[in-house]
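**Student:** Mind having a look at this structure? Questions to follow.
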Amino acid sequence: MDDCFYCRNVLLMLKEEIESAASSLKGQLSGQPRIGIVLGSGLGGLTEILENPQAIPTSTLPHYPPSTVEGHEGTFLLGQIAGVEVLLLKGRIHAYEGYDLSQVVLPIRLMALCGIETLILTNAAGGLNSAWSPGEIMLIEDHLNLHHASPLYGPNVEAWGPRFPDMTGVYDQDLRSAAEAVAKETNYVLRRGVYASCPGPQYETPAEIKMLRVLGADAVGMSTVPEAIVARHMGVRVLGFSLISNLAAGISPTPLNHEEVVQAGLDAGPRLISYLLDLLPKI
């Protein structure tokens, strides 16, 4: 079979499946969200302050892969927070579940096709700075993609974005400035740094953490970066926050486990929610 013919067919299948899922989601939304928010591990408490919530299980959308991780049940929620119409994703998809990165970023493409202009990405991450403490929040200034792959591999849909998107400013400078200004106004301690995304699902070894520190990372996790890349590809502004749920291997005096990560999110959630309530009207 001709390679170009094969690529065209892959492109058409991908485009049709994503547009079908987006059409289904958009058809169920009762409003027009301007901001999308992806909730990281343990940060689902934000859904509790959502006004006039409308829940859309991802299982109702065609071609949508199910999440298999505890604490990541798949649901889109539309509503208002601090008077701002938002679309929340509770339950992201991870590559370590066995999915291709093009599937991992499907929720972001759906949000973009539903009209969001700004995407706020949150995650729980291991801290690489020994001066930081679990429960603190890091504003993501840049990232390291260590998945050894890109969510943009394969045929490009020109209507969604360019073949070679610029990643100079993945995390929008104006949004970061607004985030820092709100933190200063509210006396909220906001760390700043580089987030490294690794495939997982195993946590990193002490030697790998040493390597990441040499590379310039301040926090490490297993998500967010593919989502940020695709959001920028589709022209959506990105703002990112990492909840430092634990200190990374070789820095932490105790072994790491997923339950700790989720519990740290639950413990720090109210502070982050309070901060977002002040921030959302400013962006």
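**Student:** In segment 238-282, what count of residues is obtained for those that are touching a Leu at 6+ places or on another chain (Cβ under 6 Å), over 17 Å from residue 195 (Cβ atoms) and modelled with pLDDT of 80 or more?
**Tutor:** Summing the residues that are touching a Leu at 6+ places or on another chain (Cβ under 6 Å), over 17 Å from residue 195 (Cβ atoms) and modelled with pLDDT of 80 or more in segment 238-282 gives 1.
**Student:** Right, another one. Across segment 110-135, what is the total count of residues that are surrounded by fewer than 24 Cβ atoms within 10 Å (Cβ to Cβ) and either of a type outside the set (Val, Ile, Thr) or in contact with a His (Cβ under 7 Å, 6 or more places away or on another chain) (or both)?
**Tutor:** 12
**Student:** Please go through segment 208-220 and pick out each residue that is in contact (Cβ under 8 Å) with a residue 12 or more places away in the chain and either surrounded by fewer than 24 Cβ atoms within 10 Å (Cβ to Cβ) or under 11 Å from the mean Cα position of the chain (by Cα) (or both).
**Tutor:** Residues satisfying the conditions are 208, 209, 210, 212, 213, 215, 216, 218.
**Student:** Test residue 66 against the stated conditions and say whether it is surrounded by fewer than 20 Cβ atoms within 10 Å (Cβ to Cβ), in contact (Cβ under 8 Å) with a residue 24 or more places away in the chain and either in contact with a Lys or Arg (Cβ under 9 Å, 6 or more places away or on another chain) or part of a loop (DSSP other than H, G, I, E, B) (or both).
**Tutor:** Here the answer is no, as residue 66 does not meet what is asked.
**Student:** Looking for something β-branched (Val, Ile, Thr), in a loop (DSSP other than H, G, I, E, B) and out of contact with any strand residue (DSSP E or B) (no Cβ under 6 Å at 6 or more places or on another chain) - is there at least one such residue anywhere in segment 52-61?
**Tutor:** no
**Student:** Note down all Cβ pairs under 9 Å where the first residue falls in segment 143-167 and is at positive phi and at pLDDT below 95, the second is assigned to a loop (DSSP other than H, G, I, E, B) and surrounded by fewer than 17 Cβ atoms within 10 Å (Cβ to Cβ), and they're at least six residues apart or on different chains.
**Tutor:** Going by the 9 Å Cβ cut-off, the qualifying pairs are 148/199.
The values are calculated or read from the model by the stated rules, or taken from the named source; none is laboratory data. No experiment lies behind these values; they were computed from the predicted model shown. Neighbour counts are summed over all protein chains in view; Cβ atoms, including those assigned to glycine, are modelled from backbone coordinates with ideal geometry.
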